[in-house]
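The values are calculated or read from the model by the stated rules, or taken from the named source; none is laboratory data. Treat the numbers as computed from the prediction; the structure is a model and nothing was measured. FYI the Cβ positions are ideal-geometry reconstructions off the backbone, even for glycines, and counts take in every protein chain you see.
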Amino acid sequence: EAGVAQSPRYKIIEKRQSVAFWCNPISGHATLYWYQQILGQGPKLLIQFQNNGVVDDSQLPKDRFSAERLKGVDSTLKIQPAKLEDSAVYLCASSVTGTLNTEAFFGQGTRLTVV
Amino acid sequence: GNSVTQMEGPVTLSEEAFLTINCTYTATGYPSLFWYVQYPGEGLQLLLKATKADDKGSNKGFEATYRKETTSFHLEKGSVQVSDSAVYFCALILSGGYNKLIFGAGTRLAVHP
C-alpha cells in the first residue's frame, strides 16, 4: 500500500515570496491533516479536512496560509507571503475516518527554509 | 486546555540500558493515547497506542500503560538498541467529534554502543 506522498521534500525561498506544498493521502482516507513542525517542537495542527470540507483550521494563520482539498483527495497548502518564522517542516497525514482509534499515517514532510 | 507534556531530551543511553520517557496529558473527556517515533530522515510513524484506562500498548519491545489516575502514558523499553535512536512523540486524540491529534514536544533518544 502506498503511503502519504508529499512534494517537494525541500524548499528554500526568500521572505515575502510565496510557496505551495502538495500532499496525496493514502487512497480511501477521508481525513487529511496538515501539521507545522518547527525545529525542536512537536507538530502543530494547521488544518484538518474531512473529505473536502474543513473541520478544524483554528490554528491556521489565515492572513497568509491557505489550504484546499479539491475532490476530497489530494491537498495543497500555500503560504503567501512567507515570513522567516514560517521556516519549519510541513507534515501531511491522513486517516481512514474521524473516529477515536484511527491511526494517522504521515508523509516524510516538506522542509521549508525562509531566508 | 488540552495538551501533552514530555520529558525534555536528549536522553543518552548505552546499548541494553533501560529506557523511560515520561509523558503526561491534560484533556477534557477520555482521549486515546499514542507514541509516535521519527527516525532520522523519515516521517512520523505510530509506535503504539492505548484507547482506554489501564490499556497497555506494546510494539518492538516498547510498552506504555494508560494511567488515568496520574494522567500519564510513560514509554518504557527494557533493553535499548542503537537502532532505537530517534525522536519520540507522545500524542493524544480527543474523544468526541473529529480526531484532533495533539503532540508533545518530542524527546530525542541517542543510544551509544
In segment B:1-23, anything surrounded by fewer than 13 Cβ atoms within 10 Å (Cβ to Cβ) and either out of contact with any strand residue (DSSP E or B) (no Cβ under 6 Å at 6 or more places or on another chain) or at positive phi (or both) is listed as B:Gly1, B:Glu8, B:Glu16, B:Phe18
Could you please let me know if B:Ala105 is within 26 Å of A:Ser58 (Cβ to Cβ) and not in a strand (DSSP E or B)? yes
Select, from B:Gln45, B:Gln38, the only residue that is out of contact with any Pro (no Cβ under 6 Å at 6 or more places or on another chain) and either more than 13 Å from every other protein chain (Cβ to nearest Cβ) or touching a residue at least 24 places away in the same chain (Cβ under 8 Å) (or both). B:Gln38
Check B:Phe89 against each of (1) at pLDDT below 95; (2) facing chain A (nearest Cβ under 10 Å) and name the one condition it does not meet. (1)
Using the structure shown, decide if A:Ile47 is surrounded by 13 or more Cβ atoms within 10 Å (Cβ to Cβ), among the aliphatic types (A, V, I, L, M) and more than 13 Å from the chain's Cα centre (by Cα). no
Selection from segment B:31-45 of residues surrounded by 16 or more Cβ atoms within 10 Å (Cβ to Cβ) and more than 16 Å from A:Gln41 (Cα to Cα) yields B:Pro31, B:Ser32, B:Leu33, B:Phe34
What about B:Val82, is it crowded, with 19+ Cβ neighbours inside 10 Å, in contact (Cβ under 8 Å) with a residue 40 or more places away in the chain, more than 9 Å from chain A (Cβ to nearest Cβ) and under 27 Å from A:Gly109 (Cβ atoms)? no
Restricting attention to segment A:15-27, which residues are at pLDDT 95 or above and loosely packed, with under 11 Cβ neighbours inside 10 Å? A:Arg16
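For segment A:9-115, which strands (runs of 3 or more DSSP E) that fit wholly inside it have 2 or more residues that are away from chain B (no Cβ under 14 Å)?
A:10-13, A:19-24, A:65-68, A:75-79, A:110-114
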